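Encoded as structure tokens, the structure appears first; notes follow it.
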Amino acid sequence: MNRWSKVFLIALRIAVGWHFLYEGLWKIDSDTGAPVYAPSWYTLQSSVARLRDYYERTDPLQMQPALARADAWYDEIVKALKSRNRALSEDQKGRLAELRDKVKLAAAGAVRGSVRHGEVVNFDWQLVRDEVLKLTPPPASERFTAMPFLQASVGPFRPVFRSLVRDMDGVDRLAPLAAHHAVEERYEEILHHYDDAGRPFTGDQQRRLAEARDAIKRALAATLSDGAYRTRLADYAAMRRRVAADASLANAPFSRERLAADRTKLDTIEGELLALTDEAVAELDVQSQTIATAAQLGTGPLRQPGDPAGWINWTMRWGLTAIGACLLLGLFTPIAGLAAAGMMATFYLASPPWPGLPAATLGGHYLYVDRNLVELIAAGVIATTGSGRWAGLDAFIGRLGGRAARRTDPELACVGQATPSLERS
């Protein structure tokens, strides 16, 4: 192998190492900081649930309190969004006032007996968000999670990748008991965070946080028991069953494309349903920040809430970082190269560019060979050549190992002494 071949192999090792290292460090960094919070979702979700609960459970309704409750709901939304830097425009306030007036008319009909109590609030929080206030969606979180990668897997290995996470479809997590447990668990995590930092919550702070937790759990229970939500959840479960049954019958290209579209739609619906429970946890974080003192807030952000793919996230973050660092430094190069090839094989098999399968989300057009496969082959080349010994810490380790071997083996020591005289002759 000539000098230029060695130079380019060393450059290839460094380039692949840098790619892995930077990707791993970015994923580690994305896990720091406070969680993304979408105030419009939780505020509307809980306020509409409480409004519906009032008119359905209060019997008999009296005119003045019934009308005042609708006004209080309007003021609650306006003040809550303003306090979270989402102040409503005059146009948004006007549309919300129109909806409030419709509620008041229906409430007056319920008092007179011409409208049933359950028909006073015949809308959900999503209508308020999307049609009345026309609020923009919250920013997507930049926190790394392997869930989209696992959800988007296609091909014969799809069941394997999805089986790596328990409750991949989110059905268990959408149960009321599981949702309440998530809020309770977050409450304990918040208290432990400040305890571990040496700034524990006082008794009064714990009481206020417990009150906020209980209020959130009540609002969440009202939302999860809402008829519209239960209907949507039942539709989601039925669609899951139908798509699972269709998977065995999808043989023609058009049927496979429709199956892929249905799976994507299901994952979108799952995310929207789980957002209801996730927002409750995020709201508890915000409430804790209003209760904590400046000194307590100075202890750093709360740990991110749990992720069903937690162990996979940890493996990918630190695996990429360790492999990248070893390749970049030329340390344990054969092992690092094989590990890199194995990781790229995983990425390739999760969404292989094979005929009849949906196209991967990578830019460009591929058939059998994509960037993952190219980098897999490059990692194999790195693992089977001596680039780490040519320019890297493997050369230093090799020299130390050779010296240690000569010190412990008399025959090797004699060979090492005889070699120079032969070369001089």
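The values are calculated or read from the model by the stated rules, or taken from the named source; none is laboratory data. This one's a predicted model, so the numbers in the text were calculated from it and none came from an experiment. Note: ideal-geometry Cβ built from the backbone for every residue, glycine included; neighbour counts use all protein chains shown. Accessible surface is based on the protein model in full, side chains and every heavy atom, while ligands, DNA and RNA are left aside. Shrake-Rupley method; radii C 1.70, N 1.55, O 1.52, S 1.80 Å.
Per-structure values
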{"read-out": "Residue, most open to solvent (accessible area, probe 1.4 Å), within region 195-211, restricted to residues that are of a type in the set (Asp, Glu) and farther than 23 Å from LEU224 by Cα", "value": "ASP196"}
{"read-out": "Unique match (being touching a helix residue (DSSP H, G or I) at 6+ places or on another chain (Cβ under 9 Å), modelled with pLDDT under 80 and either of a type outside the set (Ser, Thr, Tyr) or within 30 Å of GLY388 (Cβ to Cβ) (or both)) among GLU272, GLU283", "value": "GLU272"}
{"read-out": "Helices (runs of 4 or more DSSP H) fully within region 215-319 counting 3 or more residues that are buried (at least 16 other Cβ atoms within 10 Å of the Cβ) and small (Gly, Ala, Ser)", "value": "253-291"}
{"read-out": "Some residue of region 73-91 being within 21 Å of SER225 (Cβ to Cβ) and under 40 Å from the mean Cα position of the chain (by Cα)", "value": "yes"}
{"read-out": "Filter pass, GLY388 being open to solvent by 30 Å² or more (accessible area, probe 1.4 Å), part of a helix (DSSP H, G or I) and modelled with pLDDT of 65 or more", "value": "no"}
{"read-out": "Index of the failed condition, LEU150 passing every other in (1) out of contact with any Pro (no Cβ under 7 Å at 6 or more places or on another chain); (2) closer than 28 Å to ARG317 by Cα; (3) open to solvent by 50 Å² or more (accessible area, probe 1.4 Å)", "value": "(3)"}
{"read-out": "Criterion (surrounded by 19 or more Cβ atoms within 10 Å (Cβ to Cβ) and either in contact (Cβ under 8 Å) with a residue 40 or more places away in the chain or within 32 Å of the chain's Cα centre (by Cα) (or both)) met by exactly one of GLY380, GLY324", "value": "GLY324"}
{"read-out": "Region 42-66 - residue that is open to solvent by 40 Å² or more (accessible area, probe 1.4 Å) and assigned to a helix (DSSP H, G or I) and, of those, nearest to ALA107 (Cα to Cα)", "value": "MET63"}
{"read-out": "Hits in region 162-177 (condition: surrounded by fewer than 17 Cβ atoms within 10 Å (Cβ to Cβ) and of a type in the set (A, V, I, L, M, F, W, C))", "value": "LEU164, VAL171, ALA175, LEU177"}
{"read-out": "Residue that is modelled with the lowest pLDDT [pool: residues in region 312-352 that are touching a Ser or Thr at 6+ places or on another chain (Cβ under 9 Å), among the polar types (S, T, N, Q) and closer than 25 Å to PRO156 by Cβ]", "value": "SER351"}
{"read-out": "Residue among HIS180, HIS192 that is open to solvent by 40 Å² or more (accessible area, probe 1.4 Å) and under 21 Å from LEU297 (Cα atoms)", "value": "HIS192"}
{"read-out": "Residue satisfying condition, being acidic (Asp, Glu) and over 21 Å from the mean Cα position of the chain (by Cα), within set GLU279, GLU257, GLU270", "value": "GLU257"}
{"read-out": "Considering residues of region 353-366 that are at pLDDT 75 or above and farther than 18 Å from GLN151 by Cβ only, the residue least open to solvent (accessible area, probe 1.4 Å)", "value": "PRO353"}
{"read-out": "Tabulated pairs, region 60-85, first within 29 Å of THR290 (Cβ to Cβ), second open to solvent by less than 40 Å² (accessible area, probe 1.4 Å) and β-branched (Val, Ile, Thr), C-beta under 7 angstrom, 6+ apart or interchain", "value": "ALA70/VAL103; ILE77/THR43; ALA80/THR43; LEU81/THR43"}
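Yes or no, residue by residue, for (1) basic (Lys, Arg); (2) under 21 Å from ASP172 (Cβ atoms); (3) without any contact (Cβ under 8 Å) to a residue 60 or more places away in the chain:
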position	(1), (2), (3)
GLY203	no, no, yes
ALA212	no, no, no
ARG232	yes, yes, yes
THR268	no, yes, yes
GLY271	no, yes, yes
LEU274	no, yes, no
ASP278	no, yes, yes
ALA282	no, yes, no
